[in-house]
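Each remark here refers to the structure printed beneath this line.
The values are calculated or read from the model by the stated rules, or taken from the named source; none is laboratory data. Note that this is a predicted model, so its numbers are computed, not measured. A quick note on method: Cβ atoms are made from the backbone with ideal geometry, for glycine too, and the neighbour counts reach across all protein chains shown.
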Amino acid sequence: MEAGVFRYLLFKPLDPKQLSLLKDLTTLEICSVWDATSMYIRRQLLEKRAVDIGTGSFAVVSARASAGEDGVLVVDKPIFQLNQHVQRFYKIKEPKTKIPSEMFEYPLNLQEIAQISHFRVPVVECCIHETLLFFAEAL
């Protein structure tokens with residue numbers, strides 16, 4: 001999905017025609033797609049897999065937390081990390097916690113998300129893409 005990230009670098013304001021599916025779907029339908037997407041991402045995170053959604057990745061990384069006076073506890077910390085191209089383009093500060101470079105980032109499984117949400121794969125793909133475009137416009 002590396003090449004696909006560049007479609008979220010907006011050099012000019014977003015044209016409403018680029019969000020044609022979002023305008024046709026109800027809020028409930030959009031939420032249904034993103035609910036299924038969230039469920040998919042959650043399952044991947046529980047299996048310690050990073051998930052690339054196009055503009056960035058979700059992952060679980062180890063972090064240290066203080067436990068009492070002398071103790072340190074290693075905990076799993078869920079994070080979202082913007083893609084470095086998106087981050088630089090929109091001049092967003094680098095995060096303190098990063099996904100380790102050796103962690104493989106899996107793309108979304110649109111077929112599985114479509115099955116969960118009961119929408120066809122092209123509808124799921126377009127809904128996610130247009131929502132991410134809208135997110136990029138907000139950045």
Inset, instruction - Evaluate the following for I116: is it within 17 Å of the chain's Cα centre (by Cα) and not polar (S, T, N, Q)? - result: no
Legend entry - Hits in the stretch 1-40 (condition: of a type in the set (D, E, K, R) and either at positive phi or at pLDDT below 90 (or both)): E2, R7, K12, D15, K17
Inset, instruction - Could you tell me which residue of the stretch 116-128 is farthest from A36 (Cα to Cα), considering only residues that are surrounded by 19 or more Cβ atoms within 10 Å (Cβ to Cβ) and not β-branched (V, I, T)? - result: C126
Inset, instruction - Quick one: G54 ticks every box in (1) over 12 Å from the mean Cα position of the chain (by Cα); (2) at positive phi except a single one, so which number is it? - result: (1)
Inset, instruction - Identify, by number, the condition in (1) under 17 Å from the mean Cα position of the chain (by Cα); (2) more than 24 Å from R43 (Cα to Cα); (3) exposed (fewer than 11 other Cβ atoms within 10 Å of the Cβ) that V86 doesn't meet. - result: (3)
Legend entry - Residue list for the stretch 88-139, filter: over 17 Å from S57 (Cα atoms) and among the aliphatic types (A, V, I, L, M): A114, I116, V121, V123, V124, A138
Legend entry - Residue match in the stretch 15-34 (condition: closer than 27 Å to M103 by Cα and either out of contact with any Cys (no Cβ under 7 Å at 6 or more places or on another chain) or aromatic (F, W, Y) (or both)): yes
